[in-house]
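See below for the structure under consideration.
Coordinate-derived values only; no laboratory data. As the structure is a prediction and not an experimental result, all values here were calculated from the model. Note that each Cβ is placed from the backbone with ideal geometry, even for glycine, and that neighbours are counted across all protein chains shown.
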Amino acid sequence: MKKVCAKVVAVMALLLVVEVFPFAEAVTCNPMELSPCLGSILSSSPPSTTCCQKVNEQRPCLCGYIKNPNLGQFVNSPGARIVASSCGVPFPTC
């Protein structure tokens, strides 16, 4: 349990310090927008409607997040892939 809590704290801290990536004009790329998905990514629980909405909104930004050395491990994790698939969002090939 301590290990999972430490991971959650680490991921949230990481998300707080990363830059915003303006890759698409229609969306402001902000990895904090994916925070409703954190529980599903770490525990394999089904994603919420809010999570799926955020993944879909942030879809144009996912390659930028994956290429970011601070976010890549998190966004490219098996849990994140499952969340994207569950939400009907194709996982990008960057």
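One table, with the values for the structure above:
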read-out: Equivalent ellipsoid semi-axes - Cα gyration tensor, segment 20-94, angstrom; value: 18, 13, 11
read-out: Gain upon complete extension [Leu42, Ile82; 0.36 nm per residue less C-alpha separation]; value: 13.3 nm
read-out: Estimated distance in nm for a label pair at Val27 and Thr93, the labels positioned 7 Å out from Cα along Cα-to-Cβ; value: 2.0
read-out: Cut-off under 5 Å, modelled amide H: who pairs with Cys29 long-range; value: Phe21, Phe23, Ala24
